[in-house]
Amino acid sequence: MPELPEVETVRRGLTPTMEGALLVRAELRRPDLRFPFPADFATLVSGKRIVSLGRRAKYLLIDLEGGDVIIAHLGMSGSFRVEDGPLSEAPGDFHHPRGKSEKHDHVVFHLEGAKGPARVIYNDPRRFGFMDLARREVLSNHAFFRELGEEPTGNVLDAAYLAARFAGKAQPLKSALLDQKNIAGLGNIYVCEALWRSGLSPLRAAGTLVDTKGKPKAALMLLTEAIRAVIADAIAAGGSSLRDHIQTDGTLGYFQHSFSVYDREGEPCRTPGCGGTVARAVQAGRSSFYCPKCQK
Ligand SMILES: [Zn+2]
């Protein structure tokens, strides 16, 4: 499943084509993805100019003139590609192979931009992705967004915020970090990586990172920095892969090569001088990869 850095990479990749362009026509090639398209979706978005491309958690937000916002989620296997003439560009590389078959092209946005006509095509073999439409002014109260915590990008996520969320919690740290009410869009891969970077076990209680006055301990400050850094690094890696690979070939993507613990069960820990072995524990149905020797 694409995680936040991949979605952000997609957003940045689509922005030059979509932002400011006229959405001449939305072509829906089936009535539904994971959910049915909203009634009159194609009619409501067609003929509108795209004001900006945003993101909240793992949702792409396509702001249209007039105040409607297309909310797009890539699900498990969704991807966008841009076609403008003979060139085809697919922003972002993914851990899992992406679909290439045109029979899975379900939505085509026909655009007229500053550089001429272009098509932005949504492809999704498994159809777990979806698109919805909402008014900008009620977006923060939308069912998708109203309970989301802070973004792990930007400056808002800090140790004091997490201390307030974690104080007194016996819940495992891994689960607390995956809870979207605490941090929006942070997924399994990057939680594992951030915990490894900060030397913290996914199994320890979240409340142990908060002192008796409710203030963050040093370990929580370290973890907060690690979360922000791991996401920033992944976005930077996605940005470079976007330049390096004009056409995605569908093989395993770039991000996996930089994983330190994720999906590395039984392999040597990469912490210098540790000598431990990466272990896997299943927590709430999700695999946690960690080094029992240096993550306490
Ligand atoms: Zn280790």
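The values are calculated or read from the model by the stated rules, or taken from the named source; none is laboratory data. Quantities reported herein were computed from a predicted structural model and do not represent experimental measurements. Positions of Cβ are generated from backbone atoms using ideal geometry, with glycine treated the same way; all protein chains shown enter the neighbour counts.
Structure above, values below:
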{"quantity": "Checking Arg135 against (1) in the same structural domain as Arg55 (by TED's automatic domain parsing); (2) in contact (Cβ under 8 Å) with a residue 60 or more places away in the chain; (3) closer than 30 Å to Ala237 by Cα, the condition it does not meet", "calculated": "(3)"}
{"quantity": "Residue count for the stretch 200-237, restricted to those that are in a loop (DSSP other than H, G, I, E, B) and of a type in the set (Gly, Ala, Ser)", "calculated": "2"}
{"quantity": "Selected residue (criterion: surrounded by the fewest Cβ atoms within 10 Å (Cβ to Cβ)) from residues of the stretch 257-269 that are near the ligand (Cβ under 10 Å from one of its atoms) and touching a residue at least 24 places away in the same chain (Cβ under 8 Å)", "calculated": "Ser260"}
{"quantity": "Residue under evaluation Asp68, criteria (1) modelled with pLDDT of 95 or more; (2) in contact with a Pro (Cβ under 6 Å, 6 or more places away or on another chain), criterion not met", "calculated": "(2)"}
{"quantity": "Test: Gly154 is at pLDDT below 95, under 23 Å from Pro2 (Cα atoms) and surrounded by fewer than 19 Cβ atoms within 10 Å (Cβ to Cβ)", "calculated": "yes"}
